[in-house]
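To keep things clear, I will list the structure first and then write my remarks on it.
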Amino acid sequence: MSDFENTGILSISDLVLPTNEQLEKGVAITECIQRIPCNPCVDSCPVHAISMKDINALPVVDYDACIACGRCVGVCPGLAIFVVKVQGDQALITLPYEFLPRPQKGESVSVLDRAGKTMGKGKIIRVKQQGRTSIITVSVEKKYAMDVRNIRV
Amino acid sequence: MEVNGIPNVRTCIAPLLEGVAVRMQDRLASWPQNNTDNAFVSTVQDIDILIVGAGPAGMEAALQAATFGASVLLVDENQRVGGQLIKQTHKFFGSKEEKAGTRGISIAKDLEDQLCDDRFKDKIDVLLDATVFGFYEDDTEDRYTFGVISRKEYKSRLIKVVCRSVIFTVGAMENMLLFPGNDLPGVYGAGAVQTLMNVYGVKPGERVLMVGAGNVGLIVGYQLLQAGIKVDRVVEAAPTIGGYHVHAAKLRRCSVPIYTRHSIKEVFGADCVKGAVVVELDDHWNPIQGSEEIVTCDTVCLAVGLTPSTRLLEQIGVDMALVPEAGGYIALHDERMQTSVPRVYVAGDSSGIEEASTAMIEGKIAGAMAAKQLGYQQEKAQTAYEGFLKELKRLRAGPFGAKPRDAKQRIQRLWRKRP
């Protein structure tokens with residue numbers, strides 16, 4: 001039995017990790033590891049980088065093809081897709097955010113990991129709206145690239 | 001409760017108007033007295049299909065039946081159509097066909113717009129604020145008669161509905177848990193909490209203990225956070241989280257802990273909830289002595305499953321069976337969603353607890369098949385039906401579809417074994 005079924009928290013070993021080069025280019029990471037009947041991410045991708053064998057299969061991201069546009073981030077009903085891009089000593093995390101107030105560009109916010117633990121501060125780089133979901137890009141220390149998955153405004 | 005002289009009113013869904021008289025009713029009601037405000041008028045309507053319940057299944061059933069040419073009366077006890085969809089602010093799963101990525105509230109609006117579309121003007125009648133309360137024998141062999149009470153603006157009207165076919169899309173009732181203090185104000189079902197927050201815009205409390213980590217508990221827990229309410233924790237009696245991981249992950253990254261193998265022991269407080277005692281469970285689901293912990297909260301939200309509503313179906317006398325995977329007693333039905341009584345259909349949660357996306361497809365099946373049975377565009381209806389059936393199988397093919405799949409298989413087996 002995997003631990004996430006008890007805790008609700010994924011570990012890095014549950015994910016297909018991109019290489020450092022792919023991270024520097026920027027990739028969408030689907031933290032969707034259960035076979036649930038859902039596929040809007042596949043339809044949302046403009047370069048067909050996300051594929052699924054059938055609607056119950058797990059999404060597979062072709063990290064080389066992915067252009068890190070983030071469209072899938074705002075589409076995923078499970079709010080389970082994140083775009084991660086490493087830039088120098090910073091990592092830019094693009095995440096879905098459905099709370100008010102929305103953060104402002106340039107604002108400093110708390111950044112949280114998958115367990116909701118505060119990992120310090122991050123700077124808001126970009127705020128987009130996709131329907132009623134805000135798509136937030138936050139800049140954090142590079143070492144937290146695979147840890148930070150939420151913000152607290 | 002009794003409102004303006006009308007007994008048996010569910011005040012939780014009745015509008016509060018200036019000057020209405022609300023009275024406690026703790027016994028059987030007496031027959032309302034005729035007066036000018038409360039006139040009982042008997043009306044007869046001759047329609048093809050009566051659809052009971054305007055939730056996702058009922059609305060889709062109405063649209064399908066009307067598309068093929070049948071006339072439909074869609075009745076719901078609420079003030080508006082949509083059923084549970086009108087409080088589902090989250091995005092739906094599925095594929096394009098099931099409007100995946102769209103929020104439940106938007107799907108409700110879309111279906112409502114379709115029901116009001118000009119091309120269905122002469123086909124679909126919607127009767128809101130009305131309850132179908134009973135089935136009556138009819139002299140005509142191919143007709144069914146139902147009693148309906150309409151309460152619009154607190155004027156009750158008794159309506160006799162005569163129809164050729166009926167589809168029950170009545171949904172389900174929330175399960176309750178037995179524990180000391182479960183009658184204190186502040187103990188809610190998750191559906192009630194969602195109605196308060198997302199429909200009425202009322203905060204149910206400030207600090208919530210969520211009981212149940214199925215999809216309903218996880219989703220409503222997240223919506224509580226969105227409404228600015230603190231969720232202390234989620235407790236789940238089972239050894240694992242029952243809902244989708246992605247829903248659990250949303251709560252966890254907002255710092256809400258989820259305790260599996262934990263349950264609620266009691267709620268305390270003099271006249272409202274002041275807190276609760278939670279307890280760890282052993283391998284046999286028994287409380288472990290000494291593991292009790294006090295949770296300070298003003299609200300306890302129970303998301304511990306649903307039971308299909310079947311009372312009218314039982315009254316009609318359709319073949320029923322206990323199917324635990326479906327959530328309780330349900331009406332046996334075939335793949336066309338027809339019960340053992342000809343031209344009586346069932347769809348959605350009242351035919352077995354599942355998701356809104358599959359409820360919508362079951363509704364489409366029932367609507368198309370009921371219309372076909374009455375002789376409307378038989379070939380086209382059959383083609384549509386075969387498509388819906390494929391869609392349904394596809395959605396249920398994964399591991400989370402196992403329970404409804406088992407339920408429907410058992411229903412099919414029991415269906416074939418009928419005398």
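The values are calculated or read from the model by the stated rules, or taken from the named source; none is laboratory data. What you are looking at is a predicted structure, and each value in this text was computed from that prediction instead of being measured. Cβ placement follows ideal geometry from the backbone for every residue including glycine, while neighbour counts extend to all protein chains displayed. The accessibility values were calculated without ligands, DNA or RNA, using every heavy atom of the protein model including side chains. Shrake-Rupley method; radii C 1.70, N 1.55, O 1.52, S 1.80 Å.
Dipole size of the range B:254-410 about its Cα centre, with +1 on Lys/Arg Cβ and -1 on Asp/Glu Cβ: approximately 860 debye, rounded to the nearest 20.
Here the ratio of the Cα radius of gyration of the range A:108-153 to 2.2 N^0.38 Å is 1.12.
Build a GNM of chain A with springs between Cα atoms under 10 Å apart, and of A:S134, A:S11, A:S51 the one that fluctuates most is A:S11. Calculated from the alpha-carbon coordinates, the range A:17-152 shows an Rg and a Dmax of 14.2, 41 Å respectively.
Under a 1.4 Å probe, what is the accessible area of chain A per residue, stated in Å²?
Values: 7020 Å² over 153 residues.
Per-residue value: 46 Å².
Above 19 Å, the calculated P(r) of the range B:89-199 contains 70 percent of its Cα-Cα pairs. The Kirkwood radius of the range B:213-253, taken over pairs of alpha-carbon atoms, gives through the Stokes-Einstein law at 4 °C and 1.567 mPa s a diffusion coefficient of 127 µm² s⁻¹. Our summary of shape: the Cα atoms of chain B have principal axis extents of 66, 54, 43 Å, ordered from largest down, in whole angstrom. The angle between the Cα long axis of helix B:215-226 and the longest principal axis of the Cα atoms of chain B comes to about 70 degrees, rounded to the nearest 10. When chain B is treated as a GNM with alpha-carbon contacts under 10 Å, the residue of B:H247, B:H284, B:H262 showing the greatest mean-square fluctuation is B:H284. Looking at the range B:176-303, what % of its DSSP beta bridges pair antiparallel, to the nearest 5? Bridges in the range B:176-303 that DSSP calls antiparallel: roughly 40 percent. Shielding by partners for A:37-47, please: the mean number of other protein chain Cβ atoms within 10 Å of each residue's Cβ. What the average comes to for A:37-47 is 5.
Taking amide hydrogens as placed 1.01 Å from N in the peptide plane, the amide H of B:G134 sits under 5 Å from those of B:G147, each at least 5 positions away in sequence or on another chain.
A dipole drawn for the range A:17-152 from +1 and -1 charges on Cβ atoms has a positive end, and of A:G88, A:S110, A:Q22 the residue lying farthest that way is A:S110. A dipole drawn for chain B from +1 and -1 charges on Cβ atoms has a positive end, and of B:G228, B:V161, B:T131 the residue lying farthest that way is B:G228.
With 28 Å as the limit, write out which pairs from B:K380/B:K417; A:K121/B:K250; B:K96/B:K372; A:K25/A:K143 have Cα-Cα distances beyond it, or answer none.
The answer is B:K380/B:K417.
Taking the Cα centre of the protein assembly as shown as origin and assigning +1 to Lys and Arg Cβ atoms and -1 to Asp and Glu Cβ atoms, the resulting dipole is close to 1220 debye.
Ranking B:T383, B:L177, A:L10 by how far each Cα lies toward the positive end of the dipole of the protein assembly as shown (charges on Cβ) leaves A:L10 at the top.
Would you kindly calculate the translational diffusion coefficient of the range B:176-303, applying Stokes-Einstein with the Kirkwood radius from alpha carbon pairs, for 4 °C and a viscosity of 1.567 mPa s, and quote it in µm² s⁻¹ without decimals? List each step's numbers first, then the result.
On the way: Rh = 14.4 Å.
Here the translational diffusion coefficient equals 90 µm²/s.
In the elastic network of chain B, a GNM with C-alpha springs shorter than 10 Å, the most mobile of B:L306, B:L158, B:L218 is B:L158. Computed about the Cα centre, the dipole magnitude for chain B is approximately 920 debye when only Lys and Arg (+1) and Asp and Glu (-1) carry charge, each at its Cβ. Counting Cβ atoms of other protein chains within 10 Å of each Cβ in A:3-15 and taking the mean gives 5.
Taking N as the number of residues in the range B:319-419, what is its Cα Rg relative to 2.2 N^0.38 Å? Cα-based Rg divided by the globular estimate yields 1.03.
Looking at the protein assembly as shown only, what percent of DSSP beta bridges run antiparallel? Nearest 5 please.
Values: 69 of 104 bridges.
Percentage antiparallel, nearest 5: 65.
Over 30 Å, how big is the tail of the calculated P(r) for the protein assembly as shown, in percent of all Cα pairs?
On the way: 90866 of 163306 pairs.
Tail of P(r) above 30 Å: 56 percent of Cα pairs.
Straight-distance candidates among the aspartates and glutamates for linking to A:K142, with alpha-carbon spacing under 18 Å and chain neighbours fewer than 8 residues away dropped: A:E21, A:E24, A:D89, A:D113.
What is the average number of partner chain Cβ atoms found within 10 Å of a Cβ in B:85-97?
Details: counts 0, 0, 0, 0, 2, 4, 13, 3, 9, 7, 8, 4, 1.
Partner Cβ neighbours, averaged per residue: 4.
Taking the C-alpha atoms only, the angle from helix B:104-115 to the longest principal axis of chain B is near 10 degrees.
Can you tell me what share of the DSSP beta bridges in the range B:13-170 is antiparallel? A percent to the nearest 5 is fine. Walk me through the intermediate numbers first.
Values: 14 of 31 bridges.
So the antiparallel bridges amount to about 45 percent of the total.
When the other protein chains are added to the chain by itself, burial of at least 50 square angstrom of heavy-atom accessible area (probe 1.4 Å, ligands and nucleic acids ignored) affects these residues of the range A:69-97: A:P77, A:G78, A:L79. Here the range B:226-276 has an Rg and Dmax of 12.9, 38 Å, counting Cα atoms alone.
Rounded to the nearest 10 degrees, the inclination of helix B:378-395 to the longest alpha-carbon principal axis of chain B is 10 degrees.
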